[in-house]
Amino acid sequence: MYMQNPVFIPGPTNMPEVLRRAADMPTLDHRSPRFAEILHPALAGVRKVIKGASSEVFVFPSTGTGGWETAITNTLSPGDTVLAARFGMFSHRWIDMCRRHGLNVELVEEAWGNALPIEAYEARLRADRQHRIKAVLATHNETATGVRSDIAAVRRALDAANHPAMLFVDGVSSIASMDFRMDEWGVDIAVTGSQKGFMLPVGLAIVACSPRAMDVMADAKLPRTFFDIADMRARYADGAYPYTPSVGLLNGLKLATEMLLTEGLDNVFARHRRIAEGVRAAARAWAMPLCATRPEIASDTVTAVMTPQGFDATRLVAHASTKYDVAFGVGLGEVSGKLFRIGHLGSLSDVMALSGIATAEMAMADLGLPITLGSGVAAAQEHYRSTQAAEARLAA
């Protein structure tokens, strides 16, 4: 059958029909002035969403992984040292990429379910008196574990250590859904993609660079061609690309930023927080803990729910897909089979979230897990009813 149910994976996310239509456009000559009318507003819109007025934004036909590669290859040289923490699958993959590019990774291991270890970062930075560390990598939202880290605290650690390393942030599953303050937090490169908070199909790597990051690029020696920011920057001045761009997706990005800014960024972030708290209330009603070890680090874009020991959580995801045509996220890496993930970012409402919670309950009941049908739904309903009422009073 044709899939009409919303998805509850942490990306790609549900697409509003207006954005799908914006991306589905007739062929346009990307060397014509009309393309610049799409490109420049899209870049300006992203700059507003990330609160990076001083940054330059570059959009490549790729994914967040391509954005990671853009960040390191344009600013670093073979043998350079980066400081990174491994505390989930996506932080792990960025570390792996750095090693494949001949970079030296000073690694901090952290238990999956914890946030980025700020104190360990500061200790490593203070100990690096020769300033060998050229960049600090920080995953803002670890999608595999449903954990949010404090990027402002990473900047404070760098400043406290009086360390000149650049700060690179993976914001793939946070930007446009959770508050991100590029200028205020002193982020040098932020990476995201089109298929998460921007509610578009997969296909765009979005990279924002600070003036300092732009300044070091001339001396970077890692090879790059497709992801060369200098080439992209030169063509942007003419309203063009160094190769064929994804015109339809860029048109969608232009409209997506307009929609987010029209809703109001504070409202976007509050909506995500409200929906996430409803999902977390459901998990408490099921008596199932989150992978996130502390409430204050729980993500507002994806909730990783631990299932009882001995139960293969992948079975639940497969069953929900097969029987109910609803998609949840599986556990990855060290938490494979131990949890399932409910994505709640992008184009999502309280009502849509309730359908996902109800489906998860049906799948758990079908597989014999000890839950009471309706318990999680009721907990989320109560949260949504009370918070909507509070928001209505504030608006009045």
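Throughout, read-outs are computed from the coordinates displayed, never taken from laboratory work. The model shown is predicted, which means the values in this text are computed figures rather than measured ones. Quick reminder, even Gly has a Cβ in these numbers, built from the backbone with ideal geometry, and neighbours come from all protein chains shown.
One table, with the values for the structure above:
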{"read-out": "Matching residues in segment 283-313 - criterion: being in a helix (DSSP H, G or I) and under 9 Å from V147 (Cβ atoms)", "value": "I297"}
{"read-out": "Subset of segment 314-330 that is among the hydrophobic types (A, V, I, L, M, F, W, C) and outside any strand (DSSP E or B) - its residue that is surrounded by the fewest Cβ atoms within 10 Å (Cβ to Cβ)", "value": "A318"}
{"read-out": "Number of positions in segment 218-268 that are surrounded by fewer than 17 Cβ atoms within 10 Å (Cβ to Cβ) and either of a type in the set (S, T, Y) or part of a helix (DSSP H, G or I) (or both)", "value": "17"}
